[in-house]
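Let me begin by presenting the structure, written as C-alpha coordinates, before commenting on it.
The values are calculated or read from the model by the stated rules, or taken from the named source; none is laboratory data. All values derive from a computational prediction rather than experimental measurement. As a convention, Cβ positions derive from the backbone with ideal geometry for all residues, glycine included, and neighbour counts pool all protein chains shown. To get the accessible areas, we keep the full protein, side chains included, count just its heavy atoms, and leave off ligands, DNA and RNA. Shrake-Rupley method; radii C 1.70, N 1.55, O 1.52, S 1.80 Å.
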Amino acid sequence: MVRSAKARTALSSTSDPLRLAILISGRGSNMATIARECLERRINARVAVVISNKPGVAGLPTAQQMGLRTQVVPSSGVGREDFEKALTATLDEHAPDLVILAGFMRVLTAPFVRHYSGRMINIHPSLLPKYTGLHTHQRVLDAGDTEHGATVHFVTPELDGGPLILQSRVPVKTADSEATLAARVQATEHVIYPRVIAWIADKRLDWNGGRPLLDGKHLTQPVVEDFP
Ligand code: NHR
Ligand code: GAR
(Lines give C-alpha, C1' and ligand atoms only; values in the text may rest on other atoms or scores of the structure.)
(Ligands and ions follow the chains in the order given, each with its own letter.)
Protein backbone atom coordinates (compact mmCIF):
# COMPACT_ATOMS: atom_id res chain seq x y z
CA MET A 1 0.00 0.00 0.00
CA VAL A 2 1.32 3.43 -0.87
CA ARG A 3 0.27 6.03 1.64
CA SER A 4 -0.15 9.64 0.65
CA ALA A 5 2.12 12.19 2.25
CA LYS A 6 -0.88 13.58 4.05
CA ALA A 7 -1.89 10.23 5.55
CA ARG A 8 1.68 9.61 6.65
CA THR A 9 1.80 12.93 8.44
CA ALA A 10 -1.27 11.97 10.41
CA LEU A 11 0.43 8.79 11.64
CA SER A 12 3.92 9.97 12.43
CA SER A 13 6.30 12.84 12.01
CA THR A 14 7.30 14.01 8.56
CA SER A 15 11.02 13.75 9.30
CA ASP A 16 13.21 10.96 7.93
CA PRO A 17 12.97 7.71 9.86
CA LEU A 18 15.59 7.30 12.55
CA ARG A 19 18.23 4.66 11.72
CA LEU A 20 18.62 2.16 14.55
CA ALA A 21 21.42 -0.27 15.35
CA ILE A 22 20.36 -2.84 17.95
CA LEU A 23 23.03 -4.65 19.98
CA ILE A 24 22.10 -8.01 21.50
CA SER A 25 23.77 -10.91 23.30
CA GLY A 26 20.93 -13.40 23.66
CA ARG A 27 17.26 -14.04 23.13
CA GLY A 28 16.48 -10.69 21.54
CA SER A 29 12.89 -10.29 22.69
CA ASN A 30 13.35 -6.54 23.16
CA MET A 31 15.00 -6.32 19.73
CA ALA A 32 12.10 -8.20 18.10
CA THR A 33 9.50 -6.02 19.81
CA ILE A 34 11.23 -2.82 18.73
CA ALA A 35 11.69 -4.12 15.17
CA ARG A 36 8.01 -5.05 14.93
CA GLU A 37 6.96 -1.57 16.04
CA CYS A 38 9.18 -0.10 13.31
CA LEU A 39 8.00 -2.51 10.59
CA GLU A 40 4.38 -1.75 11.47
CA ARG A 41 5.11 1.99 11.35
CA ARG A 42 4.24 2.68 14.95
CA ILE A 43 7.74 4.10 15.40
CA ASN A 44 9.22 6.42 12.76
CA ALA A 45 12.44 4.41 12.58
CA ARG A 46 14.13 1.60 10.63
CA VAL A 47 16.35 -1.12 12.02
CA ALA A 48 19.54 -0.72 9.98
CA VAL A 49 21.34 -3.63 11.61
CA VAL A 50 21.18 -6.08 14.51
CA ILE A 51 24.61 -6.87 15.94
CA SER A 52 25.37 -9.69 18.37
CA ASN A 53 28.65 -10.10 20.22
CA LYS A 54 27.83 -13.79 20.60
CA PRO A 55 27.45 -16.19 17.66
CA GLY A 56 24.62 -18.69 17.80
CA VAL A 57 22.23 -16.73 19.99
CA ALA A 58 18.48 -17.02 19.44
CA GLY A 59 18.11 -13.33 18.60
CA LEU A 60 20.00 -13.73 15.31
CA PRO A 61 17.57 -16.08 13.50
CA THR A 62 14.69 -14.12 15.02
CA ALA A 63 16.04 -10.95 13.39
CA GLN A 64 16.68 -12.68 10.07
CA GLN A 65 13.14 -14.06 9.99
CA MET A 66 11.92 -10.49 10.36
CA GLY A 67 13.99 -9.52 7.30
CA LEU A 68 16.62 -7.59 9.27
CA ARG A 69 20.32 -7.48 8.55
CA THR A 70 22.44 -9.19 11.17
CA GLN A 71 26.13 -9.15 11.97
CA VAL A 72 28.21 -10.97 14.55
CA VAL A 73 31.13 -9.09 16.10
CA PRO A 74 32.59 -11.67 18.47
CA SER A 75 33.86 -10.51 21.85
CA SER A 76 34.88 -13.83 23.33
CA GLY A 77 38.65 -14.10 23.60
CA VAL A 78 39.06 -10.59 22.14
CA GLY A 79 40.43 -7.68 24.16
CA ARG A 80 38.02 -4.82 24.87
CA GLU A 81 39.92 -2.43 22.61
CA ASP A 82 40.00 -4.76 19.60
CA PHE A 83 36.36 -5.72 20.12
CA GLU A 84 35.25 -2.11 20.22
CA LYS A 85 37.34 -1.23 17.16
CA ALA A 86 35.53 -3.98 15.22
CA LEU A 87 32.17 -2.93 16.66
CA THR A 88 32.75 0.71 15.68
CA ALA A 89 33.67 -0.33 12.13
CA THR A 90 30.50 -2.41 11.80
CA LEU A 91 28.32 0.32 13.28
CA ASP A 92 29.86 2.96 11.00
CA GLU A 93 28.89 0.92 7.93
CA HIS A 94 25.26 1.41 8.92
CA ALA A 95 25.47 5.03 10.11
CA PRO A 96 22.98 4.67 12.96
CA ASP A 97 21.29 7.70 14.51
CA LEU A 98 20.65 5.69 17.66
CA VAL A 99 22.41 2.65 19.15
CA ILE A 100 20.12 0.46 21.26
CA LEU A 101 21.51 -1.98 23.83
CA ALA A 102 18.91 -4.73 24.18
CA GLY A 103 20.19 -7.44 26.51
CA PHE A 104 23.73 -6.57 25.46
CA MET A 105 26.04 -8.09 28.06
CA ARG A 106 29.46 -6.57 27.40
CA VAL A 107 30.67 -3.53 29.33
CA LEU A 108 31.72 -0.72 26.98
CA THR A 109 34.73 1.54 27.59
CA ALA A 110 34.56 5.30 28.00
CA PRO A 111 36.00 6.22 24.55
CA PHE A 112 33.43 4.03 22.79
CA VAL A 113 30.56 5.41 24.86
CA ARG A 114 31.69 9.02 24.31
CA HIS A 115 31.71 8.44 20.53
CA TYR A 116 27.97 7.69 20.74
CA SER A 117 27.25 10.22 23.47
CA GLY A 118 23.54 11.05 23.55
CA ARG A 119 22.92 8.47 20.81
CA MET A 120 23.02 5.24 22.83
CA ILE A 121 20.37 3.89 25.21
CA ASN A 122 20.05 0.77 27.36
CA ILE A 123 17.32 -1.10 29.18
CA HIS A 124 18.37 -2.41 32.56
CA PRO A 125 16.28 -4.83 34.62
CA SER A 126 16.02 -2.85 37.87
CA LEU A 127 14.67 0.38 39.30
CA LEU A 128 17.94 2.28 38.85
CA PRO A 129 19.85 3.59 40.73
CA LYS A 130 19.11 0.39 42.67
CA TYR A 131 20.83 -2.82 41.51
CA THR A 132 23.29 -1.84 38.81
CA GLY A 133 25.16 -4.76 37.22
CA LEU A 134 24.09 -8.36 36.90
CA HIS A 135 21.62 -10.83 38.52
CA THR A 136 19.18 -8.09 39.48
CA HIS A 137 16.08 -10.29 39.91
CA GLN A 138 17.73 -12.63 42.41
CA ARG A 139 19.23 -9.68 44.30
CA VAL A 140 15.77 -8.09 44.59
CA LEU A 141 14.35 -11.37 45.98
CA ASP A 142 17.27 -11.78 48.40
CA ALA A 143 16.75 -8.22 49.71
CA GLY A 144 13.03 -8.82 50.28
CA ASP A 145 12.04 -5.80 48.18
CA THR A 146 8.33 -5.38 47.50
CA GLU A 147 8.77 -3.66 44.13
CA HIS A 148 11.04 -4.03 41.13
CA GLY A 149 11.11 -3.00 37.49
CA ALA A 150 13.14 -1.94 34.49
CA THR A 151 14.77 1.33 33.46
CA VAL A 152 15.56 2.86 30.09
CA HIS A 153 18.55 5.20 30.34
CA PHE A 154 21.09 6.99 28.21
CA VAL A 155 24.42 5.16 28.24
CA THR A 156 27.39 6.95 29.79
CA PRO A 157 30.80 5.52 30.73
CA GLU A 158 29.54 4.75 34.25
CA LEU A 159 27.86 1.33 34.12
CA ASP A 160 24.08 1.69 34.40
CA GLY A 161 24.76 5.24 35.62
CA GLY A 162 23.53 7.44 32.76
CA PRO A 163 20.51 9.76 32.90
CA LEU A 164 17.29 7.84 33.57
CA ILE A 165 14.39 8.22 31.12
CA LEU A 166 11.51 5.83 31.77
CA GLN A 167 10.86 3.13 34.39
CA SER A 168 8.32 0.35 34.69
CA ARG A 169 7.42 -0.62 38.25
CA VAL A 170 5.97 -4.02 39.16
CA PRO A 171 5.10 -5.69 42.47
CA VAL A 172 7.24 -8.52 43.83
CA LYS A 173 4.89 -11.32 44.89
CA THR A 174 5.51 -13.67 47.80
CA ALA A 175 5.47 -16.75 45.59
CA ASP A 176 7.95 -15.27 43.08
CA SER A 177 10.98 -17.18 41.85
CA GLU A 178 13.74 -15.53 39.85
CA ALA A 179 12.02 -16.81 36.70
CA THR A 180 8.53 -15.51 37.48
CA LEU A 181 9.87 -12.13 38.57
CA ALA A 182 12.08 -11.84 35.47
CA ALA A 183 9.11 -12.68 33.23
CA ARG A 184 6.95 -9.99 34.88
CA VAL A 185 9.68 -7.37 34.42
CA GLN A 186 10.51 -8.39 30.84
CA ALA A 187 6.89 -8.07 29.74
CA THR A 188 7.03 -4.42 30.82
CA GLU A 189 10.31 -3.84 28.99
CA HIS A 190 8.47 -4.55 25.75
CA VAL A 191 6.16 -1.63 26.53
CA ILE A 192 8.60 0.98 27.81
CA TYR A 193 11.54 0.46 25.43
CA PRO A 194 9.58 1.07 22.20
CA ARG A 195 7.95 4.08 23.85
CA VAL A 196 11.30 5.78 24.52
CA ILE A 197 12.46 5.08 20.98
CA ALA A 198 9.27 6.63 19.64
CA TRP A 199 9.91 9.73 21.80
CA ILE A 200 13.38 10.06 20.26
CA ALA A 201 12.12 9.38 16.71
CA ASP A 202 9.40 12.00 17.17
CA LYS A 203 11.99 14.44 18.58
CA ARG A 204 10.10 14.69 21.87
CA LEU A 205 13.15 13.48 23.83
CA ASP A 206 16.56 15.05 23.49
CA TRP A 207 19.89 14.33 25.20
CA ASN A 208 20.59 18.07 25.58
CA GLY A 209 24.23 17.60 26.62
CA GLY A 210 23.42 15.09 29.37
CA ARG A 211 20.39 16.89 30.82
CA PRO A 212 17.59 15.09 28.95
CA LEU A 213 14.56 17.08 27.88
CA LEU A 214 11.15 15.45 27.37
CA ASP A 215 8.58 17.70 25.72
CA GLY A 216 10.76 20.67 26.63
CA LYS A 217 10.97 19.76 30.34
CA HIS A 218 14.09 18.59 32.15
CA LEU A 219 13.93 14.98 33.29
CA THR A 220 15.27 15.33 36.82
CA GLN A 221 13.63 12.00 37.65
CA PRO A 222 12.58 9.22 35.31
CA VAL A 223 8.99 8.95 34.20
CA VAL A 224 7.54 5.99 36.16
CA GLU A 225 4.74 3.74 34.95
CA ASP A 226 3.12 1.15 37.22
CA PHE A 227 2.25 -2.31 35.95
CA PRO A 228 0.34 -5.11 37.72
N1 NHR B 1 28.67 0.17 29.13
C2 NHR B 1 28.74 1.37 29.70
N3 NHR B 1 29.89 2.04 29.57
N4 NHR B 1 27.72 1.94 30.37
C5 NHR B 1 26.59 1.26 30.51
O6 NHR B 1 25.60 1.83 31.19
C7 NHR B 1 26.43 -0.04 29.95
C8 NHR B 1 27.53 -0.55 29.24
C9 NHR B 1 27.47 -1.83 28.68
C10 NHR B 1 26.33 -2.61 28.84
C11 NHR B 1 24.12 -3.04 29.86
C12 NHR B 1 24.21 -3.47 31.36
C13 NHR B 1 22.88 -3.81 31.95
O14 NHR B 1 21.86 -3.27 31.54
C15 NHR B 1 25.26 -2.12 29.58
C16 NHR B 1 25.30 -0.82 30.11
C17 NHR B 1 26.89 -6.15 31.11
C18 NHR B 1 27.45 -6.13 32.38
C19 NHR B 1 28.64 -7.01 32.71
O20 NHR B 1 29.10 -7.02 33.83
C21 NHR B 1 26.94 -5.24 33.28
C22 NHR B 1 25.88 -4.40 32.95
C23 NHR B 1 25.32 -4.42 31.67
C24 NHR B 1 25.82 -5.31 30.76
N25 NHR B 1 29.20 -7.76 31.73
C26 NHR B 1 30.36 -8.64 31.87
C27 NHR B 1 31.61 -7.97 31.24
O28 NHR B 1 32.70 -8.27 31.73
C29 NHR B 1 30.17 -9.94 31.14
C30 NHR B 1 29.00 -10.72 31.68
C31 NHR B 1 28.57 -11.86 30.77
O32 NHR B 1 29.05 -11.99 29.62
O33 NHR B 1 27.69 -12.62 31.19
O34 NHR B 1 31.49 -7.23 30.24
O35 NHR B 1 22.83 -4.58 32.95
C1 GAR C 1 16.32 -8.03 29.43
O2 GAR C 1 15.55 -8.32 30.56
C3 GAR C 1 17.26 -6.87 29.73
O4 GAR C 1 16.72 -5.95 30.62
C5 GAR C 1 18.40 -7.59 30.35
O6 GAR C 1 18.52 -8.79 29.66
C7 GAR C 1 17.27 -9.19 29.11
C8 GAR C 1 17.44 -9.40 27.64
O9 GAR C 1 16.31 -9.99 27.10
N10 GAR C 1 19.60 -6.82 30.22
C11 GAR C 1 20.63 -7.03 30.98
O12 GAR C 1 20.62 -7.79 31.93
C13 GAR C 1 21.85 -6.24 30.58
N14 GAR C 1 22.91 -6.57 31.45
P15 GAR C 1 16.12 -10.04 25.52
O16 GAR C 1 17.44 -10.54 24.92
O17 GAR C 1 15.05 -11.04 25.33
O18 GAR C 1 15.78 -8.68 25.06
*Along Cα→Cβ, 7 Å out, is where each label goes; now give me the distance between the ones at R211 and L141 in nm to one decimal.*
4.3
_Quick check: convex hull of the Cα atoms in the chain, volume per residue, rounded to a whole Å³?_
136
*Thinking of the stretch 115-228 as a set of Cα atoms, what percent of all their pairs are more than 21 Å apart?*
35
_I want to verify a result. In a Gaussian network model of the chain, Cα cutoff 10 Å, which of these has the top mean-square fluctuation: P111, P163, P125?_
P111
*How high is the relative contact order of the stretch 61-139, in percent, with contacts defined as C-alpha pairs under 8 Å that are six or more residues apart?*
21
*Just flag the GluC sites (Glu not before Pro) in the stretch 121-228 sitting in loop per DSSP whose Cβ has no more than 15 other Cβ atoms within 10 Å.*
E158
*Under 12 Å Cα to Cα from K173, which aspartates and glutamates show up? Leave out anything in the same chain fewer than 8 places away.*
D145, E147
*Sorted by accessible area (1.4 Å probe), largest first, how do R114, R19 line up?*
R114, R19
*For the stretch 1-148, what is the relative contact order in percent, using Cα pairs closer than 8 Å and at least 6 residues apart in sequence?*
23
*Near K54, which lysines are there with a Cα under 26 Å away, not counting those fewer than 8 places off in the same chain?*
K85
_Give the separation of the Cα centroids, the stretch 102-144 to the stretch 15-43, in Å._
19
_Nearby lysines by direct alpha-carbon distance to K203 (threshold 24 angstrom, same-chain neighbours under 8 apart not counted)_ = K6, K217
*Check K130: other-chain or 5+ apart residues with amide H under 5 Å from its amide H, H built from backbone geometry?*
none
*asked:* Could you derive backbone 3J(HN,Hα) for the stretch 45-52 from the dihedral phi with the Karplus parameters 6.51, -1.76 and 1.60 (θ = phi - 60°), listing whole Hz in sequence and x where the residue is Gly or Pro?
replied: 8, 10, 7, 6, 6, 10, 10, 10
